[in-house]
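**Q** I have a structure here, written as structure tokens, and I will follow up with some questions on it.
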Amino acid sequence: FFSMAVKPLVLLLVLLLSQVAAESSCAEQGFTDGLACSSCEKLKDIVKDEVLYAECKVCCSEDETSDSKYVAGKLTVCRCKLPSHPHIQSFIDTQPEKFPHLKVALTTDGAYPFLTMKKEDGSKDRIAIERWKTEQVEEYLNTHLIAPSKS
């Protein structure tokens, strides 16, 4: 009887510990602190990778109801990484004029592509985008970066 009662408790403990370990590695996997669960749904639809989707769901939090957007952004990438990230190169070559609140920083420090998005309160979120396609970068910015005011 004792072993039957202990097995579910041990299993529960293992699951809880794996959850904690997974959460600590979210940043290492490229997921940001403010990751919205709706982003995981989009990721699942685009990438069609159940394992990545499950990892995303561990790292996300429920979406906020506000429609707050970032007031500015910066796409940073090392020049040396552009040949291995043609979609990012394509975005830099063709899209920045659509996003006046986005700056592009080409560095020489070996940085993989990432976005730094600034909120109205001055806080910033860093989003790893090294595996994103041109369309995904554009869609993310269309959704999350404020639109230019029309004069």
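**Q** Yes or no: Lys98 within 13 Å of Tyr140 (Cβ to Cβ) and open to solvent by 40 Å² or more (accessible area, probe 1.4 Å)? Give the steps one after another, and end with the answer.
**A** On the way: within 13 Å of Tyr140 (Cβ to Cβ): yes; open to solvent by 40 Å² or more (accessible area, probe 1.4 Å): yes.
Criteria met by Lys98.
Yes or no, residue by residue, for (1) closer than 20 Å to Lys42 by Cβ; (2) small (Gly, Ala, Ser):
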position: Cys78; (1), (2): no, no
position: Pro83; (1), (2): no, no
position: Pro96; (1), (2): no, no
position: Ala105; (1), (2): no, yes
position: Asp109; (1), (2): no, no
position: Pro113; (1), (2): yes, no
position: Asp121; (1), (2): no, no
position: Ala128; (1), (2): yes, yes
position: Trp132; (1), (2): yes, no
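**Q** Within region 15-39, how many residues are outside any loop (DSSP other than H, G, I, E, B) and either surrounded by fewer than 15 Cβ atoms within 10 Å (Cβ to Cβ) or modelled with pLDDT under 55 (or both)? Show your work before the answer.
**A** From region 15-39, those outside any loop (DSSP other than H, G, I, E, B) are 15-24, 36-39; that's our starting set.
Checking which are either surrounded by fewer than 15 Cβ atoms within 10 Å (Cβ to Cβ) or modelled with pLDDT under 55 (or both) leaves us with 15-24, 37-38.
Selection size over region 15-39: 12.
**Q** Oh, and also: Residues Ser90, Ser84, Ser123: which one is open to solvent by 30 Å² or more (accessible area, probe 1.4 Å) and more than 24 Å from Glu28 (Cα to Cα)? Steps first, please.
**A** On the way: Ser84 fails: more than 24 Å from Glu28 (Cα to Cα); Ser123 fails: more than 24 Å from Glu28 (Cα to Cα).
Among Ser90, Ser84, Ser123, only Ser90 is open to solvent by 30 Å² or more (accessible area, probe 1.4 Å) and more than 24 Å from Glu28 (Cα to Cα).
The values are calculated or read from the model by the stated rules, or taken from the named source; none is laboratory data. These figures come from a predicted structure and were not determined experimentally. All Cβ positions, even for glycine, are placed from backbone atoms using ideal geometry, and neighbour counts span all protein chains on display. Note: areas computed on protein heavy atoms with side chains; ligands, DNA, RNA excluded. Shrake-Rupley method; radii C 1.70, N 1.55, O 1.52, S 1.80 Å.
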